[in-house]
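Okay, so here's the structure we're looking at.
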Amino acid sequence: VFNAKTAELLSHHQVEIQQKFPKEGWVEQDPKEILKSVHECVERTCEKLQQLNIDITNIKAIGVSNQRETTVVWDKTTGEPLYNAIVWLDLRTQSTVERLLKRIPGKNKAFFKFRTGLPLSTYFSAVKLRWLLDNVEEIRQAVDDGRAMFGTIDSWLIWSLTGGKNGGVHCTDVTNASRTMLFNIHSLEWDPELCQFFDIPMEILPKVRSSSEIYGLMVSFLVCKSGALTGVPISGCLGDQSAALVGQMCFQDGQAKNTYGTGCFLLCNTGQKSVFSEHGLLTTIAYKLGRDKPVCYALEGSVAIAGAVVRWLRDNLGIVKTSQEVEKLAAEVGTSYGCYFVPAFSGLYAPYWEPSARGIICGLTQFTNKKHIAFAALEAVCFQTREILDAINKDCGIPLNQLQVDGGMTNNKVLMQLQSDILCIPVVKPSMPETTALGAAMAAGAAEGVGIWSLNPGDLTAVTCERFEPQINPEESEFRYARWKKAVMKSMGWETSEAPSNGKPE
């Protein structure tokens, strides 16, 4: 909950959501658990507000932000999901992608780029939806019976919170729609030809709206002892990366932010013109802040694994018990001692779009220990960001002179300093790291009919920031970056779909 006048964070709560890995390369979440976590967060946040003597009837609008591309299909008559949500970095659709590529002239991954801004990849929702239709009998049946609804997580939440099977609103916003691969980013409509290519029935798709307008009202949803948020409009909806761009106030052409979450996402605002990348970046919708407002575009570099590499060191290797320990280990050595880590657990995203890559740790010697590996893991996040920044500089022609950062991992000071060293430019972090939530709140508060939040640059509160300046010489930075690129080359072409099956998933 934010103060609409000052953008100050008044109260918040968060819950970690379980990821399920039913087979190698598969990543799922339970849509009902996601909804339950939203209920829990709302309740706890309202309780905390009351402890601060703030009346929850002061809450005037609700914004939704979500991990994009994650795909859910549910039954509109029962309100039940028909399968777990397939998470954005899931790889099960690799064979679906290969099958679809065969139908494209010259197997050109970028065939739909000028319509969608995206290459054909396992990453986007259309191929996940295609997999569900091909492999889950209940979903096929529900589509035939006219009971199925498709959406990304924002759609599932808005539908559920505005009444669900009793009149819930089935919608999404332009930023989320632009990540499905079924949406024309110029006409701002679902594209019949794309739906035909993926063989997706258009009637299961949500209605596409702007990122800032009243979609519906929160239905009777009891909140602790403090009364209810019934009747509060849900009036902001932005995919997480667009929300962070808005929350970082990147409203001018050429402003960019990098969010360090599970993955890492660098977005550069290109204003009202869509710029198509020559260097492996995506063209995506940045925001459309009102029904009658212009749509703005961004160039985006997506890295699949950032915070997830820390989770992996904790949960899979067990070399740390908490995520914070990674920073401590890395700080103790201050170098990777020539060890390089390419966390291509889900293939490589931008700028390579190489699904056959797999993670490698190389340059190991008898001297290497877990501290060096921890350092190399953090450095990997920074090198991946550098690759994307290089691509954005080439596409835009104006080098960034500083990088605005946000997301959970920015609390790691070792990482932030490393990032500045490897980019050779200052890294600027707002003192309030929850910029994704802030962006959703701004969109909700600025909506027509709510009007409690001004988006005029003059009215926006200047944010206090922490700056990290480069501390190593550029030659050393270049040397380390060149070694990293050599490691990336070694990670490629590892997986082939022709491998013998030996019981492993395709």
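Please work out which residue is least open to solvent (accessible area, probe 1.4 Å), limiting yourself to segment 49-70 and to residues that are in a helix (DSSP H, G or I) and more than 20 Å from A440 (Cα to Cα). Walk me through it before giving the result.
The initial filter retains those residues of segment 49-70 that are in a helix (DSSP H, G or I), namely 49-51, 56-58.
Restricting the remaining residues to those that are more than 20 Å from A440 (Cα to Cα) gives 50-51.
On the way: Q50: 79, Q51: 144 Å².
The selected residue is Q50.
So that you can scan it fast, the table gives a plain yes or no per residue for (1) open to solvent by 10 Å² or more (accessible area, probe 1.4 Å); (2) of a type outside the set (V, I, T):
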| position | (1), (2) |
| --- | --- |
| T96 | no, no |
| R103 | yes, yes |
| L120 | no, yes |
| S125 | no, yes |
| N135 | yes, yes |
| A148 | no, yes |
| S155 | no, yes |
| L161 | yes, yes |
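For segment 276-295, enumerate the residues that are touching a Phe, Trp or Tyr at 6+ places or on another chain (Cβ under 7 Å) and modelled with pLDDT under 95.
F276, G280 - these are the residues of segment 276-295 that are touching a Phe, Trp or Tyr at 6+ places or on another chain (Cβ under 7 Å) and modelled with pLDDT under 95.
Could we say that E193 is out of contact with any Leu (no Cβ under 7 Å at 6 or more places or on another chain) and farther than 24 Å from D75 by Cα here? Can you show your working first?
On the way: out of contact with any Leu (no Cβ under 7 Å at 6 or more places or on another chain): yes; farther than 24 Å from D75 by Cα: yes.
Judged against the criteria, E193 is a match.
If you go through segment 60-75, how many residues are β-branched (V, I, T), under 26 Å from V450 (Cα atoms) and either in contact with a Phe, Trp or Tyr (Cβ under 9 Å, 6 or more places away or on another chain) or modelled with pLDDT under 95 (or both)? I'd like the intermediate steps shown before the answer.
First, the residues of segment 60-75 that are β-branched (V, I, T): 62, 64, 70-73.
Applying the additional criterion that residues be under 26 Å from V450 (Cα atoms) yields 62, 64.
Remaining after also requiring either in contact with a Phe, Trp or Tyr (Cβ under 9 Å, 6 or more places away or on another chain) or modelled with pLDDT under 95 (or both): 64.
Residues flagged as β-branched (V, I, T), under 26 Å from V450 (Cα atoms) and either in contact with a Phe, Trp or Tyr (Cβ under 9 Å, 6 or more places away or on another chain) or modelled with pLDDT under 95 (or both) within segment 60-75 amount to 1.
For segment 350-368, indicate whether the set of residues that are under 17 Å from F265 (Cβ atoms), modelled with pLDDT of 95 or more and not in a loop (DSSP other than H, G, I, E, B) is non-empty.
Taking segment 350-368 and keeping what is under 17 Å from F265 (Cβ atoms), we get 350-353.
Checking the rest, the ones that are also modelled with pLDDT of 95 or more come to none.
No, segment 350-368 contains no residue that is under 17 Å from F265 (Cβ atoms), modelled with pLDDT of 95 or more and not in a loop (DSSP other than H, G, I, E, B).
Restricting attention to segment 467-479, which residues are under 30 Å from T435 (Cα atoms) and either loosely packed, with under 11 Cβ neighbours inside 10 Å or without any contact (Cβ under 8 Å) to a residue 40 or more places away in the chain (or both)? If you could, list the steps in order and put the result at the bottom.
So in segment 467-479, the residues under 30 Å from T435 (Cα atoms) come out as 467-472, 477.
Hit for segment 467-479 is Q471, nothing else.
Scan segment 215-236 and tell me whether some residue there is modelled with pLDDT of 95 or more, under 27 Å from M432 (Cα atoms), of a type outside the set (A, V, I, L, M, F, W, C) and open to solvent by less than 10 Å² (accessible area, probe 1.4 Å).
Yes - at least one qualifying residue is present in segment 215-236.
Pairs, please: C-beta under 9 Å, at least 6 apart or cross-chain, first residue in contact (Cβ under 8 Å) with a residue 60 or more places away in the chain and in segment 385-399, second aromatic (F, W, Y) and open to solvent by 30 Å² or more (accessible area, probe 1.4 Å)?
E387/Y352; D395/F276
The rows are residues; the columns are (1) of a type outside the set (D, E, K, R); (2) buried (at least 24 other Cβ atoms within 10 Å of the Cβ); (3) in contact with a helix residue (DSSP H, G or I) (Cβ under 6 Å, 6 or more places away or on another chain).
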position: L129; (1), (2), (3): yes, yes, no
position: D144; (1), (2), (3): no, no, no
position: L182; (1), (2), (3): yes, yes, yes
position: P192; (1), (2), (3): yes, no, no
position: Q196; (1), (2), (3): yes, no, no
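Is there any pair with a first residue in segment 176-194 that is under 16 Å from F150 (Cα atoms) and aliphatic (A, V, I, L, M) and a second that is in a strand (DSSP E or B) and open to solvent by 10 Å² or more (accessible area, probe 1.4 Å) whose Cβ atoms are under 6 Å apart and which are 6 or more apart or on different chains, and what are they?
Close Cβ pairs (under 6 Å, with a partner that is in a strand (DSSP E or B) and open to solvent by 10 Å² or more (accessible area, probe 1.4 Å)) amount to A177/V208; L182/W190.
Listed here are the residues, each with its yes/no results for (1) outside any loop (DSSP other than H, G, I, E, B); (2) under 15 Å from C264 (Cβ atoms); (3) aromatic (F, W, Y); (4) in contact with a Leu (Cβ under 9 Å, 6 or more places away or on another chain).
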{"position": "H279", "(1), (2), (3), (4)": "no, no, no, no"}
{"position": "R291", "(1), (2), (3), (4)": "no, no, no, no"}
{"position": "P294", "(1), (2), (3), (4)": "no, no, no, no"}
{"position": "V309", "(1), (2), (3), (4)": "yes, yes, no, yes"}
{"position": "D315", "(1), (2), (3), (4)": "yes, no, no, no"}
{"position": "T322", "(1), (2), (3), (4)": "no, no, no, no"}
{"position": "E332", "(1), (2), (3), (4)": "yes, no, no, no"}
{"position": "F383", "(1), (2), (3), (4)": "yes, yes, yes, no"}
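Take segment 361-389 and flag every residue that is open to solvent by less than 30 Å² (accessible area, probe 1.4 Å), in contact with a Phe, Trp or Tyr (Cβ under 8 Å, 6 or more places away or on another chain) and under 30 Å from S95 (Cα atoms).
A377, A380, V381, F383, listed by residue number.
Within segment 79-89, can one find any residue that is assigned to a helix (DSSP H, G or I) and open to solvent by less than 50 Å² (accessible area, probe 1.4 Å)? Working first, answer last.
Residues of segment 79-89 that are assigned to a helix (DSSP H, G or I), as a first pass: none.
The answer is no; no qualifying residue exists.
The values are calculated or read from the model by the stated rules, or taken from the named source; none is laboratory data. Only a predicted model underlies this, so the values are computations on that prediction, with no experimental measurement involved. FYI the Cβ positions are ideal-geometry reconstructions off the backbone, even for glycines, and counts take in every protein chain you see. Heavy atoms of the whole protein, side chains included, go into the accessibility calculation; ligands, DNA and RNA do not. Shrake-Rupley method; radii C 1.70, N 1.55, O 1.52, S 1.80 Å.
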